[in-house]
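Below you'll find the structure, written out as structure tokens, and then a few comments.
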Amino acid sequence: MGAGGRMVAPLTPSKSESGSLKRVPHSKPPFTLSQVKKAVPPHCFQRSVLHSFSYVVYDFAITSIFYYIATNYFHHLPQPLSYLAWPIYWIIQGCVLTGVWVIAHECGHHAFSDYQLLDDIVGLILHSFLLVPYFSWKYSHGRHHSNTGSLERDEVFVPKKKSSIPWYSKYLNNPPGRVVTLAITLTLGWPLYLTLNVSGRPYDRFASHYNPYGPIYTDRQRFQIYISDAGVLAVSYGLYRLAMVKGLIWVICIYGVPLLIVNGFLVLITFLQHTHPSLPHYDSSEWDWLRGALATVDRDYGILNKIFHNITDTHVAHHLFSTMPHYHAMEATKAIKPILGDYYQFDGTPVYKAMWREAKECLYVEPDEGGQSKGVFWYNNKL
């Protein structure tokens, strides 16, 4: 990868002494965030209401077209073709709705427009439509961005130390166990995280994104958590009424299965952005914001990069400048690579291979034996 960025895939044969993939530097970078920002063209930080809304209109136009085709033509197809048509609809609709999810995610970062109220209204509507508690997730996700790579304070996909992994992990550390783990993670991972904080930061009491009085939120945020819950309940009630009119199977086929695909992609994207054999994690003795923000990796999802509004292949830039709109992120990524050098991580491994590799190799974190940096933790899989 040109201009100083290090291409991780095709995977370099060079390996560290521990036999893992070549690691990202973990020492303090020789550059500051201000220096990185100066390398980005100023217009990349400009947010446009019309430009941002054009993606909302485009995504919903695509979903409306496929909804119209499915509801008006699929029942005319002979059975063999209908069995093929529905999975195609589910996959395409799920991918496009993942793009809608990403736009709502931008609203949560105040990257949609210059108007916070507008961002919150749009984000609340879009995320509620996908059964996501907008403000609840906005605040926990903001905390993730403030503490990325910290073993004590990061909010999601926080790796466990070897001493903390569950007793049953050794029974799942095999191909059938990984299949089961990945299947559960991709189908149930998102609702379990929202409801029970599974894979999230450990708290001293029960934490849930639906609980306004849980430990995730401050007193100032609690009213907005109620609003988030009301949005999800309103859409849930609408789906219930729709099921009474159209039938439960109709709602599942038109909305439920695509939503499962959205949830699966969301978990997969986040997992692969923050889980990689070459990425460090830090305890409080070593962590700082910049090194934490750089402890993430860009991935290549092919044509889905565009459908997902480039959240997949510009994630490093997103963690450095989270208020930047997605339509400038590619240009910004190209601009920062010369500054970041080896601190920039890109892995072009096919997603299905990367998912399997990370599930196999990234079971827990521990510092290197005999290493000087006891506060720097690396992934391992030796049980």
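Here's the yes/no breakdown for (1) part of a helix (DSSP H, G or I); (2) not aliphatic (A, V, I, L, M):
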position	(1), (2)
26	no, yes
51	yes, yes
55	yes, yes
61	yes, no
64	yes, yes
83	yes, yes
88	yes, no
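Can you name every residue in region 179-211 that is surrounded by 17 or more Cβ atoms within 10 Å (Cβ to Cβ) and either among the hydrophobic types (A, V, I, L, M, F, W, C) or under 23 Å from residue 357 (Cβ atoms) (or both)?
182, 185, 186, 189, 190, 193, 194, 199, 207
Show the residue pairs that are 6+ apart or on different chains and have beta-carbon atoms under 8 Å apart, the first residue being within region 183-211 and part of a helix (DSSP H, G or I), the second being open to solvent by 60 Å² or more (accessible area, probe 1.4 Å) and among the aromatic types (Phe, Trp, Tyr).
Partner pairs satisfying both residue conditions: 194/210; 195/210.
What tally of residues in region 358-375 results from selecting those that are buried (at least 19 other Cβ atoms within 10 Å of the Cβ) and of a type in the set (D, E, K, R)?
The number of residues fulfilling the criteria is 1.
Of all the helices (runs of 4 or more DSSP H) wholly in region 278-383, which have at least 3 residues that are modelled with pLDDT of 95 or more, closer than 27 Å to residue 38 by Cβ and under 17 Å from the mean Cα position of the chain (by Cα)?
On the way: elements: 289-293, 304-307, 315-320, 329-340, 351-361.
Fully inside region 278-383 and qualifying: 315-320.
Tell me, yes or no, whether region 159-178 has at least one residue that is among the aliphatic types (A, V, I, L, M) and open to solvent by 30 Å² or more (accessible area, probe 1.4 Å). Lay out the reasoning, then the answer.
Initial filter on region 159-178 (among the aliphatic types (A, V, I, L, M)): 165, 172.
Filter once more, keeping what is open to solvent by 30 Å² or more (accessible area, probe 1.4 Å): 165, 172.
Within region 159-178, one or more residues are among the aliphatic types (A, V, I, L, M) and open to solvent by 30 Å² or more (accessible area, probe 1.4 Å).
Looking at this structure, is residue 77 within 23 Å of the chain's Cα centre (by Cα) and aliphatic (A, V, I, L, M)? Step through it out loud before you land on a result.
On the way: within 23 Å of the chain's Cα centre (by Cα): no; aliphatic (A, V, I, L, M): yes.
In short, no.
Of all residues in region 337-357, which are open to solvent by less than 20 Å² (accessible area, probe 1.4 Å) and among the charged types (D, E, K, R)?
347
Quick one: residue 8 ticks every box in (1) over 16 Å from residue 317 (Cα atoms); (2) modelled with pLDDT under 95; (3) open to solvent by 50 Å² or more (accessible area, probe 1.4 Å) except a single one, so which number is it?
Only one criterion is unmet by residue 8, namely (3).
Does residue 270 satisfy the condition of being open to solvent by 10 Å² or more (accessible area, probe 1.4 Å), among the hydroxyl-bearing types (Ser, Thr, Tyr), closer than 27 Å to residue 48 by Cα and within 15 Å of the chain's Cα centre (by Cα)? First the steps, then the outcome.
Details: open to solvent by 10 Å² or more (accessible area, probe 1.4 Å): yes; among the hydroxyl-bearing types (Ser, Thr, Tyr): yes; closer than 27 Å to residue 48 by Cα: yes; within 15 Å of the chain's Cα centre (by Cα): yes.
Considered against the rule, which asks whether it is open to solvent by 10 Å² or more (accessible area, probe 1.4 Å), among the hydroxyl-bearing types (Ser, Thr, Tyr), closer than 27 Å to residue 48 by Cα and within 15 Å of the chain's Cα centre (by Cα), residue 270 comes out as yes.
Does residue 24 meet the test of being open to solvent by less than 70 Å² (accessible area, probe 1.4 Å), closer than 17 Å to residue 361 by Cβ, modelled with pLDDT of 50 or more and within 26 Å of the chain's Cα centre (by Cα)? Let's see the steps before the verdict.
On the way: open to solvent by less than 70 Å² (accessible area, probe 1.4 Å): yes; closer than 17 Å to residue 361 by Cβ: yes; modelled with pLDDT of 50 or more: yes; within 26 Å of the chain's Cα centre (by Cα): yes.
So residue 24 fits the description; yes.
If the Cβ limit is 9 Å and pairs must be 6+ apart or interchain, which residue in region 238-255 that is open to solvent by less than 40 Å² (accessible area, probe 1.4 Å) pairs with which residue that is assigned to a loop (DSSP other than H, G, I, E, B)?
Going by the 9 Å Cβ cut-off, the qualifying pairs are 239/131.
Could you list all residues from region 96-155 that are in a helix (DSSP H, G or I), open to solvent by less than 40 Å² (accessible area, probe 1.4 Å) and closer than 18 Å to residue 197 by Cα?
Passing the criteria: 134, 135, 136, 137, 138, 140, 141, 142, 144, 145.
The values are calculated or read from the model by the stated rules, or taken from the named source; none is laboratory data. Since we're looking at a predicted model, the values are computed, not measured. Cβ sites come from the backbone with ideal geometry, for glycine too, and all protein chains shown count toward neighbours. With ligands, DNA and RNA removed, areas are computed over all heavy atoms of the protein, side chains included. Shrake-Rupley method; radii C 1.70, N 1.55, O 1.52, S 1.80 Å.
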